[in-house]
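**Q** The structure is given below, and queries will be raised subsequently.
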Amino acid sequence: MAKKLLVVCMAAIMAVAALVAGCGGDQKAASDNKVLKVGTNADFAPFEFQDENGKEYQGFDMDLIRAIGEEMGYKVEISNIQFDGLIPAIQAGNIDVAITGMTINEERKQNVLFSDPYYKSGLSIIVAKDNNDIKTFQDLKGKKVAVQIGTTSAAEVNKIGGVEVKEFNSSADTFMELRAKGVDAVVNDRPVNDYYILKSGETNVKALPELLTSEDYGIAFAKNN
Ligand code: GLN
């Protein structure tokens, strides 16, 4: 009787083991052929940037999308695309999703779907340390301000009115313009401004405490996806 029970138990264990192995096998097969094509503008630290060799994509968003890919059983393939080219790339079917600190807003919702919000952000100003004229967003009137093209910063600074807005391809370019004294101020998402001050070693600039907006980041994908 005891021997019979042992045989039954062994058979049950082997069946479970086979099932587990089988599942693992299926998952591997899925990750071999299912690819999640991800677009990002990898010039937006700490959310997306490339390591010193310009190879590995790093940052909060990159970790998040890799974890999502793993959960889905998809291989994640990341392409670096200019910010204002990301929604067109989704619409053309060149990428499945864009993750790039992208703010969910009504205008973009006309063209893409968004995931649930995953990060709360807002806009802040950086000026030279010895600049005492600019303390609030209203003080930007009559001043030269660098923003990244196609972003909420560009839209909001243009709304203030009377600001000489200079638009650049990346947030890194806006910081360079401030360093070169081509502008009086830079407006970007606050975490990106703060990270720049923390990491660049730049001691001649300061971030102002005022936040202009409250924005939610979402992952964008096609309306028919
Ligand atoms: N959050 C801003 C926007 O969506 C900036 C995003 C970015 O530059 N990557 O417009």
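**Q** Please enumerate the residues belonging to segment 130-148 that are buried (at least 16 other Cβ atoms within 10 Å of the Cβ) and under 27 Å from the mean Cα position of the chain (by Cα). Step through it out loud before you land on a result.
**A** Keep residues of segment 130-148 that are buried (at least 16 other Cβ atoms within 10 Å of the Cβ), which gives 131, 134, 137, 139-140, 143-148.
Those that are buried (at least 16 other Cβ atoms within 10 Å of the Cβ) and under 27 Å from the mean Cα position of the chain (by Cα): Phe137, Leu140, Lys144, Val145, Ala146, Val147, Gln148.
**Q** Still on this structure, please answer the following. Examine segment 47-58 for a residue that is modelled with pLDDT of 95 or more, within 14 Å of the ligand (Cβ to nearest atom) and among the polar types (S, T, N, Q), and state whether such a residue exists. Walk me through how you get there before you give the answer.
**A** Filtering segment 47-58 down to residues modelled with pLDDT of 95 or more leaves 47-49, 57-58.
Then drop every residue that is not within 14 Å of the ligand (Cβ to nearest atom), which leaves 47-49, 57.
Filter again for among the polar types (S, T, N, Q), leaving none.
Within segment 47-58, not a single residue is modelled with pLDDT of 95 or more, within 14 Å of the ligand (Cβ to nearest atom) and among the polar types (S, T, N, Q).
**Q** Just give me the residues in segment 102-119 being of a type outside the set (Phe, Trp, Tyr) and within 11 Å of the ligand (Cβ to nearest atom), in sequence order. I'd like the intermediate steps shown before the answer.
**A** Residues of segment 102-119 that are of a type outside the set (Phe, Trp, Tyr), as a first pass: 102-113, 115-117.
Correct list: Met102, Thr103, Ile104, Asn105, Glu107, Arg108.
**Q** If you go through segment 147-158 one residue at a time, do you hit one that is within 11 Å of the ligand (Cβ to nearest atom), within 10 Å of Val187 (Cα to Cα) and at pLDDT below 95?
**A** No, there is no match, as no residue in segment 147-158 is within 11 Å of the ligand (Cβ to nearest atom), within 10 Å of Val187 (Cα to Cα) and at pLDDT below 95.
**Q** Moving on to the next point. For Val127, all conditions in the list (1) buried (at least 16 other Cβ atoms within 10 Å of the Cβ); (2) closer than 26 Å to Thr174 by Cβ; (3) within 16 Å of the ligand (Cβ to nearest atom) hold save one; what is the number of the exception?
**A** Status for Val127: all satisfied but (3).
**Q** From Ile149, Ile65, which residue is in contact with a helix residue (DSSP H, G or I) (Cβ under 7 Å, 6 or more places away or on another chain), of a type outside the set (Lys, Arg) and within 22 Å of Ala42 (Cβ to Cβ)?
**A** Criteria check complete, one pass: Ile149.
**Q** Still on this model: Among the numbered conditions (1) away from the ligand (no atom under 14 Å from the Cβ); (2) touching a Ser or Thr at 6+ places or on another chain (Cβ under 6 Å); (3) hydrophobic (A, V, I, L, M, F, W, C), tell me where Val163 comes up short.
**A** Exception for Val163: condition (2).
**Q** Being buried (at least 18 other Cβ atoms within 10 Å of the Cβ) and within 28 Å of Thr213 (Cβ to Cβ) is the filter; apply it to segment 69-88 and report the residue that is farthest from the ligand (Cβ to nearest atom).
**A** If we filter segment 69-88 for residues that are buried (at least 18 other Cβ atoms within 10 Å of the Cβ), which is where we start, we get 69, 74, 76, 78, 81, 83, 86-87.
Then drop every residue that is not within 28 Å of Thr213 (Cβ to Cβ), which leaves 78, 81, 83, 86-87.
Numbers: Ile78: 14, Ile81: 11, Phe83: 5, Leu86: 8, Ile87: 10 Å.
Top of the filtered list is Ile78.
The values are calculated or read from the model by the stated rules, or taken from the named source; none is laboratory data. Being a predicted model, the structure only gives us computed values, none of them experimental. Virtual Cβ from ideal backbone geometry, glycine too; neighbours counted across all protein chains shown.
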